[in-house]
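Chemist: Have a look at this one before I ask anything.
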Amino acid sequence: MAQLWGGRFTKETDELVYKFNASIGFDQKMLSEDVEGSTAQAKMLAKIGIISDEEADLIVNTIKDIVSDVESGKLKITEKYEDVHSFIESNLIDRIGDTGKKLHTGRSRNDQVALDMRLYTRKNVLSIKEDLLELLKVLLDLMRSNIDTYMPGFTHLQKAQPVTLSHHLCAYFEMFKRDVLRLEDIYKRMNFSPLGAGALAGTTYPLDRKFVADELGFYDPTVNSMDSVSDRDYLLEFLSALSIIMMHLSRFSEEMIIWNSNEYRFIELDDAFSTGSSIMPQKKNPDIAELVRGKTGRVYGALMSLLTTMKGLPLAYNKDMQEDKEVSFDAFKTAHDCITMFTGMLSTTRFNKEIMAKSATKGFINATDAADYLVKKGMPFRDAHRVIGEIVLYCIERSIAIDDMKIDELKEFSELFDNDIYEEISLKTCVSKRLTAGAPGERSMIEAIEKENAFLAVRL
Ligand code: ARG
């Protein structure tokens, strides 16, 4: 056991207690963040004259050596160390003695871990944003090439009104766009440096917190030292954003699974992104989409876990907060894997355009348009709704579509029907007439695509 705090104790820590308390098994993921923080700390201590420039250089270079020894496998991160902070400091002291012992001047592991976690989270906020931008690129390409790919729009999973694939995908573009904006928003709120808060009440050394903040790419130091060591709001915000991203991916996955089913056959998944069955030779399963849908629970779990951990904590640091790491690291990785897998799956999916269009001609998807036709000819909407309802019933009894009815048959229901009805309720007309902003009609869709393109262009 290589602990940093033996002085006050007369007895060795019980081995099981030591293991229960230790975090090295998982916080070693923050090795490079801990190094970044210690490097900035050493430079700052030299700047304010607590250590010499030579001592700062020696500390910084020795830490670099420690990291390269870890990378080459020469030095192992073992359970002998309580956490990643102790690992670096103990090895530093082993190598350069008293100079190494000066690094922790005016610093506590409380502000140190607060910094490491913030740096680690910040890095992930940025990389998840990149993942989302890749997904948005794929979506935008598909939107551009499917403005006239007709498909049924659903409510209650029943065919409702005709839309296009471009329009349907644009709904997801909007969701993931909001996710990107949420991440940008979180970044702005979290990008402040907690280092220099000490254990909870700052320190009597004249630390230059602004220097450290600048070195590490933060806007400024945090304002309150107690809040600095006990705040995990930024992490909760990020886990919330990840939960919402997963919820979006899960809904999209669900649709891909439905579209891939034998009954729909709207899509054909690429062989590289689907799996077979060990017993049923005919199977091509949408496992990736199902896994993405399934893994959503893990990310929600991380959010619930941390919310629960934090809810009863008095100020300032409490060891409970060590529990923030494992669940968060798992959620970061899960979300990253899911977004990238989903993007790969979507970009290689083949859309069966004929089947989609054919599906949109069935199920009385043009019933609203047929009612609107009568309204345009002078009938009040409520009456038109009833007349078309009667026509739908008539068609169901005969297993035909409204388009299949002869003009004389239609006239039985209303004298207002004329030959122009067929053109008016054709799939193409039904879509192209929907031109309100945000609707699937071609002109509206082109405008939407321009807006989404502008959003992406400034971020790529
Ligand atoms: N491993 C600890 C954590 O993750 C580091 C902070 C330890 N601070 C302390 N006062 N014991 O929270």
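Chemist: Work out the FRET efficiency for residue 283 and residue 48 from their Cβ-Cβ distance, taking R0 = 56 Å, and round it to the nearest 0.05.
Modeler: Efficiency, rounded to the nearest 0.05: 0.25.
Chemist: Okay, next question. For the pair residue 133/residue 94, report the inter-label distance in nm, with labels modelled 7 Å from Cα in the Cβ direction.
Modeler: 4.1 nm
Chemist: Next up: Antiparallel DSSP bridges in the chain: what percent, to the nearest 5?
Modeler: The antiparallel fraction comes to roughly 75 percent.
Chemist: Then there's this: If we count other beta carbons within 10 Å of each Cβ, what is the order of 212, 431, 375, 138, fewest first?
Modeler: So the ranking, lowest neighbour count to highest, is 375, 138, 212, 431.
Chemist: Right, here's the next one. In debye, nearest 20, what is the charge dipole magnitude of the chain about its Cα centre with +1 on Lys and Arg Cβ and -1 on Asp and Glu Cβ, if you could check?
Modeler: With Lys and Arg at +1 and Asp and Glu at -1, about 300 debye.
Chemist: Using DSSP, restrict attention to beta bridges with both residues in segment 132-226 and report what percent are antiparallel, rounded to the nearest 5.
Modeler: Taking every DSSP beta bridge with both residues in segment 132-226, the antiparallel ones total about 75 percent.
Chemist: Moving on. Subtracting the Cα-Cα distance from 0.36 nm times the residue separation, let me have the gained length for residue 214 to residue 156 in nm, one decimal.
Modeler: 15.6 nm
Chemist: Test of understanding: ordering 167, 248, 385, 104 by Cβ neighbours within 10 Å, fewest first, what list do you get?
Modeler: Arranged by neighbour count, lowest to highest, 167, 248, 385, 104 become 385, 104, 248, 167.
Chemist: Angle, helix 53-72 long axis vs. longest principal axis of the chain, Cα atoms, 0 to 90°, nearest 10?
Modeler: Between helix and principal axis, roughly 60 degrees.
Chemist: Could you compute the net charge surrounding residue 71? Neighbours are other residues with a C-beta less than 12 Å from the C-beta of residue 71; K and R count +1, D and E count -1.
Modeler: +1
Chemist: Among the listed pairs 102/188; 358/406; 137/188, give every one whose C-alpha distance is greater than 31 Å.
Modeler: 102/188
Chemist: As I understand it, the dipole of the chain uses +1 on the Cβ of Lys and Arg and -1 on the Cβ of Asp and Glu, about the Cα centre. Which of 250, 164, 239 lies farthest toward its positive end?
Modeler: Going by the Cα projections, it comes out as 239.
Chemist: What angle do you read, to the nearest 10 degrees and between 0 and 90, between the alpha-carbon axis of helix 165-190 and the longest principal axis of the chain?
Modeler: With rounding to tens, the tilt is 20 degrees.
Chemist: If I fit a long axis through the Cα atoms of helix 31-47 and take the longest principal axis of the Cα atoms of the chain, what angle between them do I get, 0 to 90°, rounded to 10?
Modeler: Here the helix axis deviates by roughly 50 degrees.
Chemist: Same structure again: For segment 55-144, run through the GluC sites (Glu not before Pro) and keep only the ones in DSSP coil with at most 16 other Cβ atoms within 10 Å of their Cβ.
Modeler: Working: sites: 55, 71, 79, 82, 89, 130, 134; in loops: 79, 82.
Hits after loop and neighbour filter: 79.
Chemist: Divide by every residue of the chain the summed helix terms, -39500 (n - 2.57) for each DSSP H run of at least 4, and state the resulting mean residue ellipticity at 222 nm, rounded to the nearest 500 deg cm²/dmol.
Modeler: Dividing the helical sum by the residues of the chain leaves -20500 deg cm²/dmol.
Chemist: Cut-off 19 Å, label point 7 angstrom out along Cα-to-Cβ of residue 398: give me the residues of segment 415-445 whose amide nitrogen falls inside.
Modeler: Counting backbone N atoms under 19 Å from the label point, the list is 415-426.
Chemist: Take residue 17 and residue 251, extend 7 Å from each Cα along the Cα→Cβ direction, and tell me the distance between the two endpoints in nm.
Modeler: Here the modelled spin labels are 5.1 nm apart.
Chemist: Please arrange 219, 317 by counting, for each residue, the other beta carbons lying within 10 Å of its beta carbon, fewest first.
Modeler: In increasing order of surrounding Cβ atoms, one gets 219, 317.
Taken together, the values in this text are just the output of simple stated rules run on the coordinates, not laboratory data. Computed from a predicted structure; not experimentally measured. Because the Cβ atoms are built from the backbone with ideal geometry, glycine has one as well, and the counts that use them run over all protein chains shown.
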